[in-house]
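The structure under discussion appears below in the form of structure tokens.
The values are calculated or read from the model by the stated rules, or taken from the named source; none is laboratory data. Note that the coordinates shown come from a computational prediction; the quantities given were computed from them, not determined experimentally. As a convention, Cβ positions derive from the backbone with ideal geometry for all residues, glycine included, and neighbour counts pool all protein chains shown.
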Amino acid sequence: MKKLWIVVAMLVASSQAQSGSQRWTAAKAKEWYQHQAWLVGSNFIPASAINELEMWQADTFDAQEIDKELGWAESIGMNTMRVFLHDLLWQQDSAGFQERIDRFLTIAARHHIRPLFVLFDSCWDPHPKLGPQHPPIPGVHNSGWVQSPGADALEDTSQEARLQAYVKGVVGAFANDSRILGWDVWNEPSNTNGGAYGKQELKGKQNRVQELLPKVFEWARSVNPSQPLTSGLWEGDDWSSVEKLDAIGRIQLEQSDLISFHNYSWPEDFEQHVRWLESYGRPIICTEFMARSAGSTFDTILPVAKQHHVGAINWGLVVGKTQTNLPWDSWDRPYVLRPPTIWFHEVFYADGRPYRQHEADLIRQLSGKSIP
């Protein structure tokens, strides 16, 4: 009888492990979302860092700056931040990286902010290197951001074990941490950066990413995180059915617990994409928006997002070394002689003043934050 109970217990444990490693049902995702406040925040990197490596490496991790900037975010009612991690940081010093993530979470929790962590990213420089990062290129938007994994790691299939260890390690370490909102497993996975680094990209990059993306979801789920997984749709003119998405987009949509997306266009276009995504019956978060000169502003987008109960995470909090207050076209014509007419991204000046007071007041109003 004792042996029988042992076998039963093992079968139950196995069943629980398998069920925990499956995509959330729509019902579970909706139930989770009902317990969240309306989510509003920024893609966050402190003004003192040019990229995710400089943000997190031991020599340049700036807890004081992070605390100050998250305080400004809290003051206008923001309750989440989308924050990029990097596989090379785990390879370099997993224990130290984990400790700094924990410190970041402690700071964020003090400001009632729960981050959405990004594991991988296909945007910008495909050749990341640890150590000191180069200074910003004058007048150029996001001139030092780096991909994770880089082209070399993507091409070398023997590094897949290292990438798996990173995903399982970092998600597993915080799988039951209530301070974390969720995991964005891969940012813009199909991006080939044609306007900036296209000639340096790995040939066949999208095919390799298409092979790896389902595995990343599987690795993250294998450690049974209590937080949801997602990867944001960003390409394509029509998201009204899975059949109209490309292969990578279908993986993103079909593997995500909650649906996330990017939109830097006019409010009419934003709302159309929201309506398409609502048909899939899952919670929705826009994880990148707000490019003032492209027609995407707080004034026009946030009321639509709030009306549809769609989370809204704009690009950029404080102007700094990323220089993402400059528009994308700065890669073609750097803004070295004079600044753009209006800021592209960012919410605050480096001294904590809002770029536009009306925007700060609107975020406070829609988030329910009292105005001091």
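All conditions but one from (1) at negative phi; (2) modelled with pLDDT under 95 apply to Leu326; the one that does not is (2). Comparison of Asp269, Asp257, Asp238 shows that the only residue that is in a loop (DSSP other than H, G, I, E, B), surrounded by fewer than 21 Cβ atoms within 10 Å (Cβ to Cβ) and either touching a strand residue (DSSP E or B) at 6+ places or on another chain (Cβ under 6 Å) or acidic (Asp, Glu) (or both) is Asp238. If you go through the stretch 145-201 and keep only what is touching a Phe, Trp or Tyr at 6+ places or on another chain (Cβ under 8 Å), over 26 Å from Arg221 (Cβ atoms) and of a type in the set (A, V, I, L, M), you end up with Val146, Ala196.
Scanning the stretch 165-188 for residues that are in a loop (DSSP other than H, G, I, E, B) and β-branched (Val, Ile, Thr) returns a single hit, Ile180. Elements of the type helices (runs of 4 or more DSSP H) sitting completely within the stretch 55-156 and holding at least 3 residues that are of a type in the set (D, E, K, R) and loosely packed, with under 15 Cβ neighbours inside 10 Å: these cover 87-110. Scanning the stretch 338-372 for residues that are more than 21 Å from Asn193 (Cβ to Cβ), hydrophobic (A, V, I, L, M, F, W, C) and at pLDDT 95 or above returns Ile342, Trp343, Val347, Phe348, Ala350, Ala360, Leu362, Ile363, Leu366. Among the residues examined, Leu317 does not qualify as in contact with a helix residue (DSSP H, G or I) (Cβ under 8 Å, 6 or more places away or on another chain) and farther than 28 Å from Trp186 by Cβ. Checking each residue in the stretch 193-235 for being assigned to a loop (DSSP other than H, G, I, E, B) and over 24 Å from Arg23 (Cα atoms) picks out Asn193, Gly194, Gly195, Ala196, Tyr197, Glu201, Leu202, Lys203, Gly204. Selection of the stretch 251-274 for residues being of a type outside the set (Ser, Thr, Tyr) and under 30 Å from Asn176 (Cβ atoms) yields Ile251, Gln252, Leu253, Glu254, Gln255, Asp257, Leu258, Ile259, Phe261, His262. Within the stretch 102-148, being within 15 Å of the chain's Cα centre (by Cα) and of a type outside the set (Phe, Trp, Tyr) holds for Ile113, Arg114, Pro115, Leu116, Val118, Leu119, Asp121, Ser122, Cys123, Val146, Gln147, Ser148.
For every residue, the table says whether it meets (1) among the hydrophobic types (A, V, I, L, M, F, W, C); (2) more than 30 Å from Gln34 (Cα to Cα); (3) within 22 Å of the chain's Cα centre (by Cα).
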| position | (1), (2), (3) |
| --- | --- |
| Tyr280 | no, no, yes |
| Cys286 | yes, no, yes |
| Ser293 | no, yes, no |
| Asp299 | no, no, no |
| Asp332 | no, yes, no |
| Ile342 | yes, yes, no |
| Glu346 | no, no, yes |
| Pro354 | no, yes, no |
| Gly368 | no, no, no |
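Looking at the stretch 38-77, which of the residues that are of a type in the set (Phe, Trp, Tyr) and without any contact (Cβ under 8 Å) to a residue 60 or more places away in the chain is farthest from Leu116 (Cα to Cα)? Among those that are of a type in the set (Phe, Trp, Tyr) and without any contact (Cβ under 8 Å) to a residue 60 or more places away in the chain, it is Phe61.
All of Ile285, Ile301, Ile313 fail the test of being surrounded by 23 or more Cβ atoms within 10 Å (Cβ to Cβ), touching a Lys or Arg at 6+ places or on another chain (Cβ under 7 Å), at pLDDT 95 or above and not in a loop (DSSP other than H, G, I, E, B), apart from Ile313.
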